[in-house]
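Scroll down for the structure; my scribbles are underneath it.
The values are calculated or read from the model by the stated rules, or taken from the named source; none is laboratory data. Values in this document were obtained by computation on a predicted structure and should not be read as measured data. Note: accessible area is taken over every heavy atom of the protein model, side chains too, but ligands, DNA and RNA are not part of it. Shrake-Rupley method; radii C 1.70, N 1.55, O 1.52, S 1.80 Å.
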Amino acid sequence: MEYSVLLILHVFLAIVIIGGILVAFLIVLPYARKTNDPDFAFTFIKAFDRGSHAILTIQLLIGFRLGMLYLPISEWFKFETHLSTTMVLKLLFWVLLFASLIIGKKMGLSSPEKGSLKTAAQYFGLLSIFALALMVLGLNFRLVLF
Ligand code: HEM
């Protein structure tokens, strides 16, 4: 029962995180550029930014517990199976995504004051790579792609 509830929550939060980043990168930013309405994009990004850190932290806690159900923590850094490799890569990409959100915000890459639609698009392009990597790695637990 615990596993099912955690997996459902994990996939739901994954949809919110990956969805928010990809909608910004593939729909909102191109539309703001096309209509020359940067505020449209910056308002969306500001709203996404508000909840992103909290959701990512909850996602880490759920993912951590899911990982423990697959493999004892003592085995994670032994790289003896695809499970341990995938687990460590997941943690790495989570840190990259979380850190990018903090650094990007500090640098104002997606703010109207310091940034531009171009810097915001580059920034969300990078976030999209990390988010999609987390999705593929998540599926790798069962699909054993590598
Ligand atoms: C933004 C962050 C994350 C996203 C978007 C994400 C996304 C996903 C997705 C899409 C799956 C596949 C679910 C399925 O097979 O139905 C998954 C599974 C999994 N994730 Fe994550 N994940 C994230 C963070 C983490 C973190 C930080 C950890 C570990 C510390 C983690 C551990 C796991 C585990 C163990 C599974 C396998 C669950 C299973 O299929 O049984 N995830 N994740």
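Observations on the structure shown:
- Rounded tilt (10° steps) of 82-107 against the dominant C-alpha axis of the chain: 20 degrees
- Fraction of accessible area attributable to carbon and sulfur, the chain (%, probe 1.4 Å): 74 percent
- Semi-axis lengths (Å, descending) of the ellipsoid that matches the C-alpha gyration tensor of the stretch 15-146: 33, 14, 11
- A 1.4 Å probe run over the chain, with the rest of the protein chains in place, finds 58 Å² accessible per residue.
- Cross-link pairs beyond the 19 Å C-alpha cut-off, checked among Lys34/Lys106; Lys34/Lys105; Lys46/Lys118; Lys34/Lys118; Lys34/Lys114: Lys34/Lys106; Lys34/Lys105; Lys34/Lys114
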